[in-house]
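Since the structure comes first, as structure tokens, the remarks are kept for the end.
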Amino acid sequence: LAPDGQKIAAPTGYTGQSPAEWIAHFAPHLHGASASLDAAVVRARGTKRPILLVVSRAGDASAKTTTASLINDPEFEALASSQFVMAQVSPPKGGGSEVDQSMETLLGGIELAPDAVEVIVTDDGQTPLFTQSGTQPPSRVVSGLRRFLAARQAAREDATRR
């Protein structure tokens, strides 16, 4: 339950996953960059999927609206849930923790502008593999993510042929 009493998730019981994977299941419903990023990394390792981060400044109402529009888009949601481990995160506020340093690296060391939403794909929570502005229409974001997945698959197939 959320602090306001609203139901945010309803686990159906133990299905054999590790405690870290069980906790990671709730990451999309938790607030705070470190919990979401850490949980996404753990879950990505378990599922062998890339991590899809939707990054916006905490408390930015315009970015929150843009993020909600993107995440609630049916095409984006279908692609994200089938191909990625997804997490919503906020850039660090100068905390200096390992997670904060990872976020700075993922953002290329730049400060996220007001109203900005960034979509970042990573395998390890530290190295960006693909970035795209999340302020574009959801169909363009989905198209970019599909191109990324196709290029990644082609590179893997090329590597196995060698």
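The values are calculated or read from the model by the stated rules, or taken from the named source; none is laboratory data. All values reported here derive from a predicted model rather than from experimental measurement. Ligands, DNA and RNA are excluded from the accessible area calculation, which covers all protein heavy atoms including side chains. Shrake-Rupley method; radii C 1.70, N 1.55, O 1.52, S 1.80 Å.
Here the stretch 43-139 carries DSSP beta bridges of which approximately 70% are antiparallel, counting only pairs with both residues inside. Residue order by solvent-accessible surface for THR67, THR105 is THR105, THR67, largest first, with ligands and nucleic acids left out and a 1.4 Å probe. Return the whole-Å distance between the Cα centroid of the stretch 35-89 and the Cα centroid of the stretch 118-162. If we compute the Cα centre of each part, the gap is 14 Å. Per-residue 3J(HN,Hα) values for the stretch 78-85, derived from phi via the Karplus relation 6.51 cos²θ - 1.76 cosθ + 1.60 with θ = phi - 60°, read 5, 5, 4, 6, 8, 10, 9, 9 Hz in sequence order (x marks Gly and Pro).
Is the shape of the stretch 49-162 rounded, prolate or oblate, going by the alpha carbon gyration tensor and its root eigenvalues a ≥ b ≥ c, with a/c under 1.5 for rounded and a/b larger than b/c for prolate? It is oblate, given that a/c is not under 1.5 and a/b is not larger than b/c.
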